1. Restricting the first residue to segment 116-141 and requiring it to be open to solvent by 60 Å² or more (accessible area, probe 1.4 Å), which pairs with a second residue that is in a strand (DSSP E or B) meet a Cβ separation below 6 Å and a spacing of at least six or different chains?
2. Is one or more of the residues making up segment 67-88 open to solvent by 10 Å² or more (accessible area, probe 1.4 Å), at pLDDT below 95 and under 17 Å from Asp55 (Cα atoms)?
3. Tally up the residues in segment 128-147 that are under 23 Å from Glu68 (Cα atoms) and among the basic types (Lys, Arg), please.
4. Please go through segment 95-128 and give me each residue that is in contact with a Lys or Arg (Cβ under 9 Å, 6 or more places away or on another chain) and part of a strand (DSSP E or B), ordered by number.
5. If I ask for residues that are charged (D, E, K, R) and surrounded by 14 or more Cβ atoms within 10 Å (Cβ to Cβ), which ones from segment 105-115 would you list?
Amino acid sequence: MKKNKSTRIKTGHILTGIIVFTIFIYILGIQTQSKPLLNENENSLIELDKDSFFDSITLKKCFVLFYEEDSELCDIMSASLSKLAKNNQGKTGFYKLNLDKYPEYDLKYNISGVPNIFIFNEGIEVARIMGVVPEQNLEKIYDKTFN
């Protein structure tokens, strides 16, 4: 009988350990999801609206990120584009437009999904980047487009 009791205790310990581990992973996952990928203070992209959109894209060469607020992929691209903006301040405009607030731009520019980055040169679309693109590739695209 002693063997059964010690086996039960070990099984109980294992089950308790699995439950504690599962709870720990769950809590860790929630905390990871709630952390912003980029501080608002670190974001170098200028938010556009209906009134500023046309003037901003026609003044100079620029990147415009079309995004939706609750998209993790859009947050990733915003962070990458912000880093590119910091490295190229003054040379190029770096903007973002919230498609949740301005859904008419979906139709106007035939945007099928987000994130979507348009590159404009004096108001003319010269390139389009769809989806998530690594930061190094953004730099290469920037160099090819504007240098």
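The values are calculated or read from the model by the stated rules, or taken from the named source; none is laboratory data. The model shown is predicted, which means the values in this text are computed figures rather than measured ones. Methodologically, a virtual Cβ is constructed for each residue, glycine included, from the backbone with ideal geometry; neighbour enumeration extends over all protein chains shown. These accessible areas exclude ligands, DNA and RNA; they are computed on the full protein's heavy atoms, side chains included. Shrake-Rupley method; radii C 1.70, N 1.55, O 1.52, S 1.80 Å.
1. Close Cβ pairs (under 6 Å, with a partner that is in a strand (DSSP E or B)) amount to Glu125/Phe118; Val126/Ile119; Arg128/Phe118; Met130/Asn116.
2. No, every residue in segment 67-88 fails to be open to solvent by 10 Å² or more (accessible area, probe 1.4 Å), at pLDDT below 95 and under 17 Å from Asp55 (Cα atoms).
3. Summing the residues that are under 23 Å from Glu68 (Cα atoms) and among the basic types (Lys, Arg) in segment 128-147 gives 1.
4. Asn116, Ile117, Phe118, Ile119, Phe120, Asn121, Val126, Ala127
5. Once the filter is applied, which keeps residues that are charged (D, E, K, R) and surrounded by 14 or more Cβ atoms within 10 Å (Cβ to Cβ), segment 105-115 yields only Asp106.
Yes/no per residue for (1) in contact with a strand residue (DSSP E or B) (Cβ under 6 Å, 6 or more places away or on another chain); (2) closer than 23 Å to Asp55 by Cβ:
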{"residue": "Lys96", "(1), (2)": "yes, yes"}
{"residue": "Asp100", "(1), (2)": "no, yes"}
{"residue": "Glu122", "(1), (2)": "no, yes"}
{"residue": "Ala127", "(1), (2)": "yes, yes"}
{"residue": "Glu139", "(1), (2)": "no, no"}
